[in-house]
1. With an 8 Å Cα cut-off and a minimum separation of 6 or more residues, compute the relative contact order for the chain in percent.
2. Would any residue of segment 49-79 have its amide N under 11 Å from a label point 7 Å out along Cα→Cβ of Val118? List them or say none.
3. Take every Cα-Cα pair in segment 59-125 and report what % of them are more than 20 Å apart.
4. Taking R0 as 25 Å, what FRET efficiency do you get between Leu110 and Ala42 from their Cβ-Cβ distance, rounded to the nearest 0.05?
5. Order by neighbour count: Val4, Val118, fewest other Cβ atoms within 10 Å first, most last.
6. How much length is gained if the chain between Ala49 and Asp84 is pulled fully straight, taking 0.36 nm per residue apart and subtracting their Cα-Cα distance, in nm to one decimal?
7. Which value at 222 nm does the chain reach when only helices count, each DSSP H run of 4 or more adding -39,500 (n - 2.57), with the total divided by all residues and rounded to the nearest 500 deg cm²/dmol?
Amino acid sequence: MKAVLDAGALVAVERRDRHVGALLRVLQQRRVPLWTSAAVLAQVWRDGARQATLARLLQGVGVRPLAMDDGKQAGALLGSTGTDDVVDAHLALLLEAGDRVLTSDSDDVLRLLAARRVRAIVVPI
């Protein structure tokens, strides 16, 4: 099992949101691997000198690149769901049964996961 962070979760970390901070501490104490997508990171990263809190978190987060196969799978997933957010689709590709996703976009993530028939735990933030 792993936990996947969307842009909303990373922004919450940057803003020092206590709820998200507490969730991440529990996950880290349980040694749950943290992951995100390179596309998610691109949405939130602006200036490392000003994002020290986020930079510290990212030292312990795996980042999956958006490779050609991912692009094809994400595009097919978007086509099957009628959605258009490439970042959400790539994020959904990271998830497997039993994983957790911390997201500020629960509706779209649930829709994408349903299309993939993946039963992940969606944690709204």
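1. Details: 186 pairs, mean separation 40.2, N = 125.
It comes to 32 percent, rounded to a whole number.
2. Counting backbone N atoms under 11 Å from the label point, the list is 74.
3. Values: 510 of 2211 pairs.
The calculated P(r) of segment 59-125 puts 23 percent of pairs beyond 20 Å.
4. Working: r = 23 Å, r/R0 = 0.92.
Efficiency for this residue pair is about 0.60.
5. Details: Val4 28, Val118 16.
Ascending Cβ contact count within 10 Å gives the list Val118, Val4.
6. Details: separation 35, 0.36 × 35 = 12.60 nm, distance 3.20 nm.
Here the answer is 9.4 nm.
7. Values: 7 runs with 68 residues, N = 125.
The helix contribution divided over the chain gives -16000 deg cm²/dmol.
Bear in mind that the values in this text are calculations on the coordinates, not laboratory data. Keep in mind the model is a prediction, meaning the values are calculated, not measured. When we count neighbours, we look across all protein chains shown, and the Cβ atoms used for this are built from the backbone with ideal geometry, even at glycine.
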